[in-house]
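One structure is given here, and the rest of the page talks about it.
The values are calculated or read from the model by the stated rules, or taken from the named source; none is laboratory data. This structure is a prediction, so every number in the text was calculated from the model and none was measured. Note: ideal-geometry Cβ built from the backbone for every residue, glycine included; neighbour counts use all protein chains shown. Side chains are part of the model used for accessible areas, which takes the heavy atoms of the whole protein and leaves out ligands, DNA and RNA. Shrake-Rupley method; radii C 1.70, N 1.55, O 1.52, S 1.80 Å.
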Amino acid sequence: MLRHTKASPLLSLPGAVPAEGPDEGVAAHYGDLFREQRALAGGSGFVDLSHRGVVTVTGADRLSWLHLLITQHVSALPAGQATEALVLSANGHIEHALYLVDDGETTWAHVEPGTQDDLIAYLESMKFFYRVEVADRTDDFAVVHLPAGSIAEAPEGVVVRETPHGRDLFLPRAELEAFAAAHGPAAGSLAHEALRVEAHRPRLGLETDHRTIPHELGWLGTAVHLQKGCYRGQETVARVHNLGKPPRRLVFLHLDGSDVKLPGHGAPVRLAADGAEGRQLGFVTTSARHHELGPIALALVKRNVPVDAALVVGEGTAASQEVVVEP
């Protein structure tokens, strides 16, 4: 069962509106969605991601051990270098997504809210004789995101995971309110999600279902190392990569802005030529309102959907697609 941490203290900030669904526990916005997006896009403000799970691995064998279990090459991961990785099933389906950094003594990862228990249970089952210790640090540390271009300095001693999209801080939870007071303005999860959709970045549980493989989402480029040794699900990764034919592909959608309501997760995607009663060819994974692009979405569609085909989503919202994963 998914377990969420208690509600963030930053929900007491002026204008805070609680998020629902997978981001429950933090603010969806603080009163002005587009202002918050523009601030993040311009490199200012921060996002409270304190609802995400935090897992650490310590011990002399931590990197060589993780290297055997995940899709990424981490056996010689330099201290301070960020990476991301997946845990797959035996059939190659995505089970977990980890956002990693090693500080030289400890490997830190943040994961989707509530997934840390299942991840830790799997890691514990694979310890055998390796010198490693796995810990759930969610109650002690809060993830805070600083956008790319931010000049804000991380507090001394805080572990930082730096990527092209910004910096993730593993901040002691007790320091969250003081950090917010010093580094505002705060931006909510809706602004963060809109920029994620714009950047075509998949998210576990939204862009994935029980049969998703990494090739469908473009995760081969960021979370999978194709030349590393064996790990669970590696045979599927290699076979589909060599054949070049994943069953589905991620697309980016520009939605008709005249519709007031955004299509929800799971809304059907069809060919516009077939209308709202046509055969379903995929589904919306995430939709958002963007401060410049208007309503946008990510969707997972069948591989053979023509890349230039006009689409409709939900009850008939027109959508044009941009290729994220080549068919």
Item checked: Sequence of 240, 307, 251 when ordered by accessible area, the most exposed leading, probe 1.4 angstrom -> 307, 240, 251
Next item on the list: Run the numbers on the chain and let me know its relative contact order in percent, using alpha-carbon pairs under 8 Å that are six or more apart.
Entry: 19
Note to self: Quick check on the chain: helices-only [θ] at 222 nm, where DSSP H runs of length 4 and up contribute -39,500 (n - 2.57) each and the sum goes over total residues. Nearest 500, please.
What the structure shows: -5000 deg cm²/dmol
Margin query: Need one value: the accessible area of residue 258 in square angstrom, 1.4 angstrom probe, rounded to the nearest 10.
Written below: 80
Notebook entry, point to check: What's the center-to-center distance, using Cα atoms, between region 265-318 and region 22-90 in Å?
Noted result: 28
Check: Taking square-rooted eigenvalues a ≥ b ≥ c of the alpha carbon gyration tensor, is region 90-207 rounded, prolate or oblate, where a/c under 1.5 means rounded and, failing that, a/b exceeding b/c means prolate?
Finding: oblate
Next item on the list: Name the lysines eligible as straight-distance cross-link partners of residue 6: C-alpha to C-alpha under 25 Å, and not fewer than 8 places from it in the same chain.
Entry: none
Notebook entry, point to check: Accessible area per residue, 1.4 Å probe, Å², for region 230-327: what's the number?
Noted result: 50
Next item on the list: Can you tell me the dipole magnitude for region 261-308 around its Cα centre, using point charges on the Cβ only (Lys, Arg +1; Asp, Glu -1), in Debye to the nearest 20?
Entry: 160
Next item on the list: Kindly sort 261, 127 by accessible area of their heavy atoms, largest first, with the probe set to 1.4 Å.
Entry: 261, 127
Item checked: Rule-of-thumb Rg ratio for region 8-130 [Cα; 2.2 N^0.38 Å; N residues] -> 1.26
Item checked: Dipole magnitude of region 87-218 about its Cα centre (Cβ charges: Lys, Arg +1; Asp, Glu -1), debye to nearest 20 -> 300
Checklist line | the chain - share of DSSP beta bridges that are antiparallel (%, nearest 5) | finding: 95
Margin query: I need the shape label for region 247-326. Rule: rounded when a/c is under 1.5, else prolate if a/b > b/c, else oblate, with a, b, c from the alpha carbon gyration tensor.
Written below: oblate
Checklist line | Positive-pole candidate from 230, 182, 251, dipole of region 163-298, charges at beta carbon | finding: 230
Item checked: Total charge dipole magnitude, region 247-326, about the Cα centre, Cβ charges on Lys, Arg, Asp, Glu only, Debye to nearest 20 -> 320
Next item on the list: Determine the order of 284, 324 by accessible area, beginning with the largest, at a probe radius of 1.4 Å.
Entry: 324, 284
Next item on the list: Could you tell me which of rounded, prolate or oblate describes the chain, using a ≥ b ≥ c as the square roots of the eigenvalues of the alpha-carbon gyration tensor, with rounded for a/c under 1.5 and, failing that, prolate when a/b is larger than b/c and oblate otherwise?
Entry: oblate
Check: Going toward the positive end of the dipole of the chain, with +1 on Lys and Arg Cβ and -1 on Asp and Glu Cβ, which of 56, 202, 37 do you reach last?
Finding: 202
